[in-house]
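Every number in this text was worked out from the coordinates using simple rules, so none of it is lab data. Fair warning: this is a prediction, and the values are worked out from it, not measured in the lab. Counting neighbours? That spans all protein chains shown, and the Cβs are built from the backbone with ideal geometry, glycine included.
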Amino acid sequence: MTLGIILASGDSFKNMSKSGQDVRFKYFYIKKFAKSFSKIYIFTYADERVMELPANVEVVRNKYVNNRFIYGFLMPFLNLRKIYKCDVFRAYHLLGTLPAIVTRIIFGKPYVFNYAYDYAKFAKIEGKPLQIILIRLIHYPAIFFASKIIATMQEIFRQLPAKKTFLIPNGVDINFFRPRKKIKVNKKLKLLSVGRLEPQKNYLTLISALKGLAVDFIIVGSGSLKAKLLSLSKKMKVNLKIIDKVENLKLPEIYNRADIFVLSSLTEGPNKAILEAMACGLPTVGTNVSGIKEVIINKSNGLLTKTDSASLRNSITKLLTNPKLREKLGHSARLYVEKRFDLKSLLKKEVQVLQQVARNN
């Protein structure tokens, strides 16, 4: 049985490597798929050679077109032989379904894709009007032609056709991301966040919330707001350190050096970072928005808060001043992730969906 993987629109291993996500994709996802299918073709949007992949995995390079939307449309025609060999396609995200839709209409090949979050809402927050139009244009065709859809959040699951939608949340490798003994090198507590330096993450508000608190703040991520964040932290006298890139395999060490994890987002999808932090036993503060509120149960395995500066400060202060609360929430967070977000069992469900679609075809 042959699987075709279509990366998200414009995505590539080279692009994922900028944030260290290529290692996560190869180590946690591709290895699992490679054990379940005899052959895998990964259709990338870059002209790239990728090392350290299983022997039965081949990367299909884009040697033709730079524009991601034009190549997305032409991809099936430019790679006919390999398209025909695939029994089922796994497309990533809504805009990534364009090649899959063409393949379905022209060649009758089935596809499965993940509808992860409210894409239009993200695009609106980040000021991308053209992307909003594209999302609205592709929304209904993607759903109509898909054989199955994977919803990663309850909120999204309820909005999609029940007969073809499965609820499979994002997961985390609970053996790799786990609590480790902390070695304190100074008295200051460390506050950690992991995410893109973009408006959606609400970091400017978070920095304002930390003014006057005796805490070191670390962000792992890159993006357009880096200079603004550093400037504001200097003005607010917040001790901020930004780490542009950390390979996913090295993230457990970062999590285990921290004392508190914070996700201050205005909206979220199925966030992997918060699951990784909770799996490492970190007490977590998250805003009460889509994505986060499906993971954090307030005062049980973390603290939910509003998106404004005062609310964030109040919740963070509760954890900074209460070691017993930090320990309790961190322990509960680990148990919760073990029970509901074990990547091994969730990927098994996804593979079963893909194999079922291939057999039905």
**Message:** Over the chain, what is the relative contact order in percent, taking alpha-carbon pairs closer than 8 angstrom and at least six residues apart?
**Reply:** 16
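Of LYS128/LYS235; LYS26/LYS349; LYS187/LYS234, which pairs sit farther than 25 Å apart, going by alpha carbon to alpha carbon?
Values: LYS128/LYS235 29 Å; LYS26/LYS349 19 Å; LYS187/LYS234 21 Å.
Flagged as over cut-off: LYS128/LYS235.
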**5 angstrom amide H check on THR165, placed H, neighbours 5+ away** = ILE149
**Asked** For the charge dipole of the chain, defined by +1 on Lys and Arg C-beta atoms and -1 on Asp and Glu C-beta atoms about the Cα centroid, which residue among SER332, ASN288, PHE25 has the Cα displaced farthest towards the positive pole?
**Response** SER332
**Complete:** With x for Gly and Pro, the residue-by-residue ³J(HN,Hα) of the range 93-109, computed from phi through the Karplus equation 6.51 cos²θ - 1.76 cosθ + 1.60 at θ = phi - 60° and given in whole Hz, is 6, 4, 5, x, 7, 3, x, 5, 5, 4, 5, 5, 5, 7, 10, x, 8
**Item:** Neighbour cut-off at most 16 other Cβ (10 Å), DSSP loop, trypsin sites (Lys or Arg not before Pro), the range 150-183
**Value:** ARG158, ARG180, LYS181, LYS182
**Prompt:** Under the Karplus relation 6.51 cos²θ - 1.76 cosθ + 1.60, θ = phi - 60°, what is the ordered set of whole-Hz ³J(HN,Hα) values for the range 166-175, x standing for Gly and Pro?
**Reply:** 10, 9, 10, x, 4, x, 9, 6, 6, 7
**Message:** Using 5 Å bins from zero, what percent of all Cα-Cα pairs in the range 203-265 falls into each bin?
**Reply:** 4, 15, 29, 25, 18, 7, 1
**Prompt:** What number comes out for the charge environment of ARG104, summing +1 per Lys or Arg and -1 per Asp or Glu over other residues with Cβ under 14 Å away?
**Reply:** +3
**Prompt:** By how many degrees, between 0 and 90 and to the nearest 10, does the Cα long axis of helix 343-360 differ from the longest principal axis of the chain?
**Reply:** 20
**Complete:** The local net charge around VAL50, scoring Lys/Arg +1 and Asp/Glu -1 for residues other than VAL50 whose Cβ lies under 13 Å from its Cβ, equals -2
**Item:** Proxy reagent accessibility, fewest Cβ within 10 Å first, across ARG81, ARG24
**Value:** ARG81, ARG24
**Fill in**
Over all pairs of different Cα atoms in the chain, the reciprocal of the mean inverse distance gives a Kirkwood radius in Å of 21.3
**Prompt:** If you place +1 on the Cβ of every Lys and Arg, -1 on the Cβ of every Asp and Glu, and leave all else neutral, what size is the dipole of the chain about its Cα centre, to the nearest 20 Debye?
**Reply:** 700
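For the range 64-142, what is the charge dipole size about the Cα centre, in debye to the nearest 20, if Lys and Arg each add +1 at the Cβ and Asp and Glu each add -1 at the Cβ? Please report the intermediate quantities before stating the final value.
Details: 11 positive and 3 negative charges, 30 e Å.
Magnitude of the dipole: close to 140 debye.
If the only charges are +1 at each Lys and Arg Cβ and -1 at each Asp and Glu Cβ, what is the size of the charge dipole of the range 122-198 around the Cα centre, to the nearest 20 debye?
Numbers: 16 positive and 4 negative charges, 135 e Å.
In total the dipole reaches around 640 debye.
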**Prompt:** So how do 113-124, 341-352, 270-281, 7-18 stack up, highest first, on mean other-Cβ count within 10 Å?
**Reply:** 270-281, 113-124, 7-18, 341-352
**Message:** Quick check: the angle from helix 323-340's long axis to the longest principal axis of the chain, C-alpha only, nearest 10 degrees?
**Reply:** 10
**Prompt:** ³J(HN,Hα) across the range 217-229 via Karplus (A = 6.51, B = -1.76, C = 1.60, θ = phi - 60°), whole Hz, x for Gly/Pro?
**Reply:** 10, 10, 10, 9, x, 9, x, 6, 9, 3, 4, 5, 5
**Message:** Taking 22 Å as the cut-off for C-alpha to C-alpha distance, list the pairs among LYS14/LYS85; LYS31/LYS190; LYS299/LYS324 that go past it.
**Reply:** LYS14/LYS85; LYS31/LYS190
**Request:** Calculate, in nm to one decimal, what ARG180 and SER345 gain on full extension: separation in residues at 0.36 nm each, minus their alpha carbon distance.
**Result:** 57.1 nm
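For each of ARG90, ARG104, count neighbouring Cβ atoms within 10 Å of the residue's Cβ, then give the residues from fewest to most. Write down the numbers at each step before the final one.
Values: ARG90 27, ARG104 21.
In increasing order of surrounding Cβ atoms, one gets ARG104, ARG90.
Given a Förster radius of 51 Å and the C-beta distance between LEU230 and LYS85 as r, what FRET efficiency does 1/(1 + (r/R0)^6) yield to the nearest 0.05? The partial results should precede the final answer.
Details: r = 49 Å, r/R0 = 0.97.
After rounding, the FRET efficiency stands at 0.55.
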**Prompt:** How big is the C-alpha Rg of the range 189-340 next to the rule-of-thumb value 2.2 N^0.38 Å, as a ratio?
**Reply:** 0.94
**Item:** Between 0 and 90°, nearest 10: helix 129-145 axis offset from the chain longest Cα axis
**Value:** 50
**Request:** Pull up all non-local amide H partners of ASP244: gap of 5 or more, or a different chain, and H-to-H distance under 5 Å with H placed in the peptide plane.
**Result:** GLY221
**Fill in**
Ordered by fewest other Cβ atoms within 10 Å, a rough proxy for footprinting exposure, THR287, THR165 read THR165, THR287
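Which whole-number percentage describes the relative contact order of the range 150-281, with Cα contacts under 8 Å and a sequence gap of 6 or more?
On the way: 198 pairs, mean separation 43.8, N = 132.
Averaging sequence separation for qualifying contacts and normalising by length gives 33 percent for the range 150-281.
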